[in-house]
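K.L.:
Below you'll find the structure I mean.
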There are 4 protein chains.
Amino acid sequence: MNEVDVERVESAELQDPVLIEGLPGVGHVGKLAAEHLLDELDGTLVRRVYSDQFPPQVEVGDDGVAELTCAEFHAVETEGRDLLVLSGDHQAQSNEGHYELTDTFLDIAEEFGVSEVYALGGVPTGELIEEYDVLGAASNEDVVERLTDAGVEFRDSEPAGGIVGVSGLLLGLGGRRGHEAACLMGETSGYLVDPKSAQAVLEILQDVLGFEVDFGSLEERADEMEEVIGKIQEMEQQQNVPSDDDLRYIG
Amino acid sequence: MNEVDVERVESAELQDPVLIEGLPGVGHVGKLAAEHLLDELDGTLVRRVYSDQFPPQVEVGDDGVAELTCAEFHAVETEGRDLLVLSGDHQAQSNEGHYELTDTFLDIAEEFGVSEVYALGGVPTGELIEEYDVLGAASNEDVVERLTDAGVEFRDSEPAGGIVGVSGLLLGLGGRRGHEAACLMGETSGYLVDPKSAQAVLEILQDVLGFEVDFGSLEERADEMEEVIGKIQEMEQQQNVPSDDDLRYIG
Amino acid sequence: MNEVDVERVESAELQDPVLIEGLPGVGHVGKLAAEHLLDELDGTLVRRVYSDQFPPQVEVGDDGVAELTCAEFHAVETEGRDLLVLSGDHQAQSNEGHYELTDTFLDIAEEFGVSEVYALGGVPTGELIEEYDVLGAASNEDVVERLTDAGVEFRDSEPAGGIVGVSGLLLGLGGRRGHEAACLMGETSGYLVDPKSAQAVLEILQDVLGFEVDFGSLEERADEMEEVIGKIQEMEQQQNVPSDDDLRYIG
Amino acid sequence: MNEVDVERVESAELQDPVLIEGLPGVGHVGKLAAEHLLDELDGTLVRRVYSDQFPPQVEVGDDGVAELTCAEFHAVETEGRDLLVLSGDHQAQSNEGHYELTDTFLDIAEEFGVSEVYALGGVPTGELIEEYDVLGAASNEDVVERLTDAGVEFRDSEPAGGIVGVSGLLLGLGGRRGHEAACLMGETSGYLVDPKSAQAVLEILQDVLGFEVDFGSLEERADEMEEVIGKIQEMEQQQNVPSDDDLRYIG
């Protein structure tokens, strides 16, 4: 295997598609959103990307058959813009790996004619969220303007620590390649897998790209999480104030 | 030295051999199993693999002579299938190293005509084991079916965290190369070096590959471990409940 | 993107310029000093250096537009020596990265005709500073002598742990290339971002290189820090002796 | 700079020299021993080895002049065997770096005609030492025999964790290249810089290689350490039993 190995699974003709990325991250917001798109829309697996920058590992499926860790691209036609959806179970495991994989992802996207990139993710607030705002960052001011009109919030120099990982680099490296690129980051506590935040991000995307998906299954998952949160809050009241650690990543 | 350096120690003619891998891991199950095969069957050391992905270290033998850390391949003829046994004292020390070494191991295996791969290991249960089941994962459904018939258990999406390291990659990369590959994972507490779990794995292998080994020495070692466990349990009763840390890796 | 990617933003003709480096480090002394130079003097952005040795990240500006992490060179003409100022938000993230980036930085500097290098930084004393001395280290004895005359202190084998990162390597690798190179390290507690220490370093530089800058804004920032220190000292008196951790990096 | 950069400082003609390595490690035994040889015998600096596998750092000398971190080879003629002495302030900072640097060190040694290698170091016992034994490991049985005659102890499979770092690899890679290679490891508590252990190692070397050095300065340094130990033991008696941490690496 080479350092990065792109398996061409199928070909697909897409009309001026946009790249949607949803790899694991804060609140698993991006991953939930990308996977929900693939669950609800009819897509074709077109590329698998293997890399020694992913963990050295296989995932076992329901049939006992194991698959080498990879990232996947699905081609999806919608009633609005065509989509190329990038999903997977892992981020790169090193700095160099993030750069190398993002470059590969952009190469594949360009092969399908992509010139517009949306990296989906979450931004941690440290508090349980009432109203799910979506924070944005973009490669140029035109994109900022267009997304502001769609309801995305842009705040001075936020997120303060920058945007890290493949999402940040799709914006940074994509912008340097001349693409219109944006990160859409759903606000999320940061403590829990957050389907509501994923829905907020997808509602923006729907508006911008002109497609529609049903949110029933995400809402169900959100209800399950609500129950978890409810139980934690009950515990809080019974057992005095718990530390943040009690809440860390349940989902 | 190159990044990976394969020393050709001897040549051997094997008939359609299978690769058996047993490097260090959970409960040292794979390592114990591979080393027991080499102790009981008459094998020939055919290859040594040195790599800067192994720890920078020598091991000192009983004669004061030190050997550079490496992995070894032995050719073993049995009354059943011929075996190519891969053993050693170390896993790779980085993600990339795991990929690179596994590719090298598969290259060597193919040189000997291998098209079937068994990666041996343990799967931690967190509890002392009564009945030693062997959990499996495989590169395709035919292998799953064949091993199920031999008594291997396949459970939906288990182990949950995937299979990590050379064992996982032999399955993942081996499967991508078109080999029939499987991981056989003996259940083990995860706290102790576990000869009984190694025996359970080898009993499956015997059945599948048609060879037979004596288990006397493994059983002796298991009895020694039983004594250790007995003492720990005695201590538990005398001193209240100990933490898991008291049990961590005695062997 | 290559491992290191130099973007040629503009050209500039400088007369026998000196390289001034101020990347993040102890008390952010070097970074504050370099940025103050760029704020006060009229400079031109001439080069951006991108690298997979920087964190995989973008920084978001006030307009919501995000920029890929990089280091920047500005050409600055003064009434004294011309300057080539190297600044940025990050150090390299690995040993090899430090060496590779420093070599790139020196290549760029040589392209502009640099043969003299000043790496700016802080040296931690562990105590709040009354008088801000500037400690030096240099590539040869002539430089030591010249800087001693300008008020820089050179102390036997200090700093004891050597000088680490790009600053150290600009001196070490720069010296090996035949440049006159020096580190100028303002004393600083090590607990706080320290504008006064940055000013002490710049006052030496002014003297050595014959330019002048206004220190109003640095002094303002120093006053803000004084208030922070004042509050901490008040807290100390009220709450007994605090640990060093209470002081760690406020700024 | 390349990944490894060998600077040819001077040439030297040595008669069938042996390589003596003393880089930092347990109790700084090897480093103390190599530096004592260079202090007492008249040597010529012949090579400097720079590498991006060393820390990115300069060391500042008594004159304020800083030198890039490197390893050094000195050619030393004695009344016995000629020596090529390898010393320095740092080990490599990664696994691959240890392999790469050791290969470079052996290349340089071979350039000077070396076919015999002594890697000096310490082996931690966890207790203050009364009698300073020297433990050995070697590349073949002839060397074991020869060194046993000189008073070196060889113990079954000791040190149990193998020998790590450049010392271990000089033995392992040196042996693979056909050199007669040995590690000489002075017993040492592991808590303190240990000049007595260094002397024990050098006394063996003197005997084996037929040279003689004065131990006055090492003995002085040992006396200083005795005082430190005495004070610690006093503190122990006054303040009950201290933890091992109180003793960790004073020197």
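The values are calculated or read from the model by the stated rules, or taken from the named source; none is laboratory data. In this text, all values refer to a predicted model and were calculated from it rather than measured experimentally. All Cβ positions, even for glycine, are placed from backbone atoms using ideal geometry, and neighbour counts span all protein chains on display.
K.L.:
Can you name every residue in segment A:1-10 that is within 14 Å of another protein chain (Cβ to nearest Cβ) and touching a residue at least 12 places away in the same chain (Cβ under 8 Å)?
P.N.:
Once the filter is applied, which keeps residues that are within 14 Å of another protein chain (Cβ to nearest Cβ) and touching a residue at least 12 places away in the same chain (Cβ under 8 Å), segment A:1-10 yields A:Met1, A:Glu3, A:Val4, A:Asp5, A:Val6, A:Glu7, A:Arg8, A:Val9.
K.L.:
Give just the number: which of (1) without any contact (Cβ under 8 Å) to a residue 40 or more places away in the chain; (2) over 21 Å from A:Gln199 (Cβ atoms); (3) more than 7 Å from chain C (Cβ to nearest Cβ) does A:Val166 not satisfy?
P.N.:
(1)
K.L.:
Ok, one more. Which of (1) buried (at least 18 other Cβ atoms within 10 Å of the Cβ); (2) over 22 Å from the mean Cα position of the chain (by Cα) is the odd one out, the single condition A:Glu3 does not satisfy?
P.N.:
It is condition (1) that A:Glu3 fails.
K.L.:
Hey, among the residues in segment D:55-76 that are in a loop (DSSP other than H, G, I, E, B) and in contact with a strand residue (DSSP E or B) (Cβ under 8 Å, 6 or more places away or on another chain), which one's farthest from the other protein chains (Cβ to nearest Cβ)?
P.N.:
D:Cys70
K.L.:
Also, I was wondering about something else. Considering segment D:178-203 alone, what residues qualify as being modelled with pLDDT under 95, over 14 Å from the mean Cα position of the chain (by Cα) and not small (Gly, Ala, Ser)?
P.N.:
Scanning segment D:178-203 gives D:Tyr191, D:Leu192.
K.L.:
Right, here's the next one. State all residues of segment D:131-147 that are in contact with a Phe, Trp or Tyr (Cβ under 9 Å, 6 or more places away or on another chain), closer than 13 Å to D:Val201 by Cβ and assigned to a strand (DSSP E or B); if no residue qualifies, say none.
P.N.:
D:Leu135, D:Gly136
K.L.:
Also, I was wondering about something else. With the requirement that a residue be in contact (Cβ under 8 Å) with a residue 40 or more places away in the chain and part of a loop (DSSP other than H, G, I, E, B), what does segment D:40-53 give you?
P.N.:
Correct list: D:Leu41, D:Asp52, D:Gln53.
K.L.:
Those residues that are surrounded by fewer than 20 Cβ atoms within 10 Å (Cβ to Cβ) and modelled with pLDDT of 95 or more, I need them from segment D:22-48; list them, please.
P.N.:
D:Pro24, D:Glu35, D:Leu38, D:Asp39, D:Glu40, D:Leu41, D:Thr44, D:Leu45, D:Arg48, listed by residue number.
K.L.:
Looking at (1) at negative phi; (2) touching a His at 6+ places or on another chain (Cβ under 7 Å), which is the one condition that is false for D:Val144?
P.N.:
The one condition D:Val144 does not meet is (2).
K.L.:
Given (1) over 24 Å from C:Glu145 (Cβ atoms); (2) part of a loop (DSSP other than H, G, I, E, B), where does C:Gly178 come up short, assuming only one miss?
P.N.:
Result: C:Gly178 passes all but (1).
K.L.:
Within segment B:157-173, which residues are β-branched (Val, Ile, Thr) and part of a helix (DSSP H, G or I)?
P.N.:
Matches in segment B:157-173: B:Val166 only.
K.L.:
So, one more: How many residues does segment D:94-142 contain that are at the interface with chain B (Cβ under 9 Å from one of its Cβ atoms), closer than 28 Å to D:Pro195 by Cβ and at pLDDT below 95?
P.N.:
So the count comes out to 0.
Conditions (1) basic (Lys, Arg); (2) out of contact with any helix residue (DSSP H, G or I) (no Cβ under 8 Å at 6 or more places or on another chain); (3) buried (at least 24 other Cβ atoms within 10 Å of the Cβ), marked per residue:
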site	(1), (2), (3)
C:Arg177	yes, no, no
C:Met185	no, no, yes
C:Tyr191	no, no, no
C:Val201	no, no, yes
C:Gln206	no, yes, no
C:Phe215	no, no, no
C:Leu218	no, no, no
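K.L.:
For the condition more than 7 Å from chain B (Cβ to nearest Cβ) and over 18 Å from D:Gly30 (Cβ atoms), what is the one hit in D:Glu145, D:Glu153?
P.N.:
Testing whether each residue is more than 7 Å from chain B (Cβ to nearest Cβ) and over 18 Å from D:Gly30 (Cβ atoms) leaves just D:Glu145.
K.L.:
Quick test of your reading of the structure: C:Ser189 fulfils all but one of (1) farther than 29 Å from C:Leu68 by Cα; (2) within 14 Å of another protein chain (Cβ to nearest Cβ); (3) in contact with a Leu (Cβ under 6 Å, 6 or more places away or on another chain). Name the failing condition by number.
P.N.:
In the conditions (1) farther than 29 Å from C:Leu68 by Cα; (2) within 14 Å of another protein chain (Cβ to nearest Cβ); (3) in contact with a Leu (Cβ under 6 Å, 6 or more places away or on another chain), C:Ser189 misses (2) alone.
K.L.:
Does any residue of segment D:101-124 turn out to be touching a Cys at 6+ places or on another chain (Cβ under 7 Å), of a type outside the set (D, E, K, R) and under 29 Å from D:Tyr191 (Cβ atoms)?
P.N.:
From segment D:101-124, those touching a Cys at 6+ places or on another chain (Cβ under 7 Å) are D:119, D:121; that's our starting set.
Add one more test, that the residue is of a type outside the set (D, E, K, R), and what stays is D:119, D:121.
If we keep only those that are under 29 Å from D:Tyr191 (Cβ atoms) as well, we get D:119, D:121.
Looking for residues that are touching a Cys at 6+ places or on another chain (Cβ under 7 Å), of a type outside the set (D, E, K, R) and under 29 Å from D:Tyr191 (Cβ atoms), one finds at least one in segment D:101-124, hence yes.
K.L.:
Given the criteria part of a loop (DSSP other than H, G, I, E, B) and either crowded, with 23+ Cβ neighbours inside 10 Å or touching a Ser or Thr at 6+ places or on another chain (Cβ under 6 Å) (or both), does B:Leu128 qualify?
P.N.:
Considered against the rule, which asks whether it is part of a loop (DSSP other than H, G, I, E, B) and either crowded, with 23+ Cβ neighbours inside 10 Å or touching a Ser or Thr at 6+ places or on another chain (Cβ under 6 Å) (or both), B:Leu128 comes out as yes.
K.L.:
Just checking, does segment B:11-26 include any residue being closer than 26 Å to B:Glu180 by Cβ, under 17 Å from the mean Cα position of the chain (by Cα), more than 14 Å from chain D (Cβ to nearest Cβ) and of a type in the set (D, E, K, R)?
P.N.:
Yes: one or more hits.
K.L.:
Could you list, in sequence order, all residues of segment A:77-93 that are of a type in the set (Gly, Ala, Ser), in contact with a Gly (Cβ under 6 Å, 6 or more places away or on another chain) and either assigned to a strand (DSSP E or B) or within 13 Å of chain B (Cβ to nearest Cβ) (or both)?
P.N.:
A:Ser87
K.L.:
From A:Glu72, A:Glu40, which residue is closer than 30 Å to B:Gln93 by Cα and of a type in the set (Asp, Glu)? Steps first, answer last, please.
P.N.:
On the way: A:Glu40 fails: closer than 30 Å to B:Gln93 by Cα.
Result: A:Glu72 is the single residue among A:Glu72, A:Glu40 that is closer than 30 Å to B:Gln93 by Cα and of a type in the set (Asp, Glu).
K.L.:
Within segment D:181-207, which residues are closer than 13 Å to D:Glu219 by Cβ and part of a loop (DSSP other than H, G, I, E, B)?
P.N.:
Result: D:Asp194, single match.
K.L.:
Taking the conditions exactly as written (at pLDDT 90 or above and surrounded by fewer than 19 Cβ atoms within 10 Å (Cβ to Cβ)), does B:Gln239 satisfy them or not? Spell out how you get there, then give the answer.
P.N.:
Numbers: at pLDDT 90 or above: no; surrounded by fewer than 19 Cβ atoms within 10 Å (Cβ to Cβ): yes.
Answer is no for this residue.
K.L.:
Please tell me if C:Lys231 is farther than 24 Å from C:Val117 by Cβ and crowded, with 23+ Cβ neighbours inside 10 Å.
P.N.:
no
K.L.:
I'd like the full set of residues that are buried (at least 20 other Cβ atoms within 10 Å of the Cβ) and either of a type in the set (A, V, I, L, M, F, W, C) or more than 15 Å from the chain's Cα centre (by Cα) (or both), limited to segment B:71-94.
P.N.:
B:Ala71, B:Phe73, B:Ala75, B:Val76, B:Asp82, B:Leu83, B:Leu84, B:Val85, B:Leu86, B:Ala92
K.L.:
Moving on to the next point. Just a yes or no: is a residue in segment A:56-65 touching a His at 6+ places or on another chain (Cβ under 8 Å) and among the hydrophobic types (A, V, I, L, M, F, W, C)?
P.N.:
no
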